Amino acid sequence: MADETVTLEQASRLLGVPEALIRSWERRYHLTSITRGHDGASYSADAIRVLRRLRDYTATGHGTFEAASVAGAPVGTSSDRLISALLAAVEQLQPGDISRVLDKAQQLFGLERTIDEVLMPALREIGQRWAEGAVSVAHEHSASQATHAWLASVGRRAGSPRGPQPIVLACGPRDEHTLALESLDVLLRDRGCSCLLLGARTPAEALALTIADVAPAAVVVVSHLNSARLSAVHALRSAHAHRVPLFLAGNAFRTSLSRAGVPGTYLGENIARAAELVSAAAESGRMGR
């Protein structure tokens with residue numbers, strides 16, 4: 001079979017596993033020994049070898065990350081490999097594996113690259129798969145909870161903050177998705193910043209009262225949904241009245257048109273870069289007081 005290829009149906013019969021599982025492994029591990037034509041996928045001898053080793057290793061109860069390593073599945077760059085392992089853990093509803101993959105990424109890349117090059121791409125892929133019906137709400141919730149827990153554990157290991165004034169981090173009044181905001185919180189804490197994380201659905205009035213109470217070094221408002229943008233703009237304008245360094249982020253502000261006339265500095269999509277901008281502004285504000 002050295003130079004032969006087989007169809008998906010033939011590979012399924014040969015390996016004794018469902019076609020859907022083979023497609024899942026192909027997507028998860030980015031198998032490069034598979035070619036595609038008008039008649040569908042063709043699986044080479046190398047692809048069958050990798051699939052067989054995946055089948056045998058996962059059947060023994062080993063985790064998906066270890067299975068990928070032992071199977072020798074070629075998965076591109078190191079970050080691609082870790083993203084694939086994280087997605088595999090999500091598909092198998094293994095929150096412990098999610099944490100272990102993120103810990104491994106942090107060991108290899110450091111915290112900033114783990115968040116921007118592994119965690120965020122994986123979360124976007126999970127959201128896309130959920131929208132397409134490829135994963136259930138249970139998978140999405142399991143991934144979110146495991147990520148919340150991992151970020152919290154990383155935050156607890158951060159050093160002592162500097163400066164009495166915190167950086168206030170809030171979602172818009174109608175925004176519930178907090179993982180990007182929590183990631184920014186963790187990176188700021190890792191830089192030694194004091195943070196006050198208000199979280200999801202922060203009313204504009206509550207944000208303004210908090211600013212008045214704590215005199216923050218900076219304020220960040222995040223909104224991801226276009227339908228929630230106007231309420232987030234209201235919150236930003238309420239914060240702007242207090243004349244603090246103000247930042248906005250999230251998909252609702254991705255385009256220049258969506259930011260027209262909105263107070264604050266847009267942070268972009270790179271969370272490490274956002275942490276650098278916010279921490280620098282906060283430090284500058286402290287020095288100017």
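To the nearest 10, the accessible area of residue 271 is 20 Å² with a 1.4 Å probe. Couplings for the stretch 136-147, taken from phi via the Karplus curve 6.51 cos²θ - 1.76 cosθ + 1.60 with θ = phi - 60°, read 8, 5, 5, 5, 5, 5, 4, 5, 5, 5, 5, 5 Hz in order; Gly and Pro are left as x. Amide H to amide H, with H built 1.01 Å from N, residue 193 comes under 5 Å of 162, counting only residues 5 or more places away or on other chains. Once the chain from residue 49 to residue 257 is taken as fully extended at 0.36 nm per residue, the excess over their C-alpha distance is 69.8 nm. Modelled spin labels at residue 149 and residue 134, positioned 7 Å past Cα toward Cβ, are 2.5 nm from each other. Placing 141, 224 in order of accessible area, with the largest value first and a 1.4 Å probe, yields 141, 224.
Full extension of the chain between residue 156 and residue 4 gives 49.3 nm of extra length, using 0.36 nm per residue less the Cα-Cα distance.
The values are calculated or read from the model by the stated rules, or taken from the named source; none is laboratory data. Because the structure is a prediction, the values reported are computed rather than measured. All Cβ positions, glycine included, derive from the backbone under ideal geometry; neighbour counts span all protein chains shown. Quick note on the areas: whole protein, heavy atoms, side chains included, nothing else; ligands and nucleic acids left out. Shrake-Rupley method; radii C 1.70, N 1.55, O 1.52, S 1.80 Å.
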